[in-house]
Amino acid sequence: GENVEQHPSTLSVQEGDSAVIKCTYSDSASNYFPWYKQELGKRPQLIIDIRSNVGEKKDQRIAVTLNKTAKHFSLHITETQPEDSAVYFCAASIYGNQFYFGTGTSLTVIP
Amino acid sequence: NAGVTQTPKFQVLKTGQSMTLQCAQDMNHNSMYWYRQDPGMGLRLIYYSASEGTTDKGEVPNGYNVSRLNKREFSLRLESAAPSQTSVYFCASSANLWGTDTEAFFGQGTRLTVV
């Protein structure tokens, strides 16, 4: 089955700086890569996703890049704010079925 | 439109007891999933159901059974609970269609403690 690795496990940044979280996947058939944000005690919620036919996608301060050849995708958050503090999970899926998740990154934005 | 609803939210079991976690979705999704979340280990897939009437093992199925009762409902059963099953359990669903609505939606989670 699919194996998704995520780094770093913890990340602290100053408010206003950028944060980057990286993931790799093993199954070349995976073609859908969502990113979820989980606040303390809450359920994971989608913040951005990318499909394998696209190399980059942006939504305001959040962007995701995908390198299919290297089986690598990354989440970029610019101009971080304290409310960005949460745990972030990457995932890989084939056509939106059987989502496999990374181990999570705990992001702390220091005011 | 409630999305994905799990019950109960909290549960304490004694070792050896059994229980069933219930999950229902009202989004007409084809696929449903059960995950467990443990510190430092992310979300690990226990079982999934790609469509009504089918179920398949995920990464960590041992000690669990599931039932896809109908398109809306997917239950997870612990037959003989063990302390290693102490975790937060999430149910999720997805359309499993390659369209605009591809993401997985999560329930609010069940915090299970086995003593």
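When only DSSP loop residues count, what GluC sites (Glu not before Pro) in the stretch B:26-115 have their Cβ near at most 13 other Cβ atoms within 10 Å?
B:E79
For chain A, calculate the relative contact order in percent as a whole number, restricting contacts to Cα pairs under 8 Å that are 6 or more residues apart.
37
About its Cα centre, how strong a charge dipole does the stretch B:54-113 have in debye, to the nearest 20, once Lys and Arg get +1 and Asp and Glu get -1 at the Cβ?
Approximately 180 debye in magnitude.
In nm, to one decimal, how far is the A:A29 label point from the A:A70 one, both placed 7 Å along Cα→Cβ?
So the label points at A:A29 and A:A70 sit 2.6 nm apart.
Of B:K14/B:K71; A:K22/B:K9; A:K42/A:K68; B:K9/B:K57; A:K37/A:K68, which sit over 26 Å apart, Cα to Cα?
Going by Cα-Cα distance, B:K14/B:K71; A:K22/B:K9; A:K42/A:K68 fall outside the 26 Å limit.
What FRET efficiency, computed as 1/(1 + (r/R0)^6) with R0 = 25 Å and r the Cβ-Cβ distance, is obtained for A:E83 and A:Q14, rounded to the nearest 0.05?
Taking R0 as 25 Å, the efficiency between A:E83 and A:Q14 is 0.95.
What's the magnitude of the charge dipole for the protein assembly as shown around its Cα centre, counting Lys and Arg as +1 and Asp and Glu as -1 at the beta-carbon? Answer in Debye, nearest 20.
Magnitude of the dipole: close to 480 debye.
Net charge near A:Y32: determine it from the other residues with C-beta under 9 Å of the C-beta of A:Y32, scoring Lys and Arg +1 and Asp and Glu -1.
Summing Lys and Arg as +1 and Asp and Glu as -1 gives -1.
Using only Cα atoms, locate the centre of the stretch A:4-73 and the centre of the stretch B:18-64, then give the distance between them in Å, rounded to an integer.
Computed from Cα coordinates, the inter-centre distance equals 23 Å.
Roughly speaking, what is the stretch gain from A:I110 to A:N53, that is 0.36 nm per residue apart minus the C-alpha to C-alpha distance, in nm to one decimal?
16.9 nm
Here, each number is a calculation from the coordinates, and none is a lab measurement. Being a predicted model, the structure only gives us computed values, none of them experimental. Ideal geometry is used to build each Cβ from the backbone, glycine not excepted, and the neighbour counts take in all protein chains shown.
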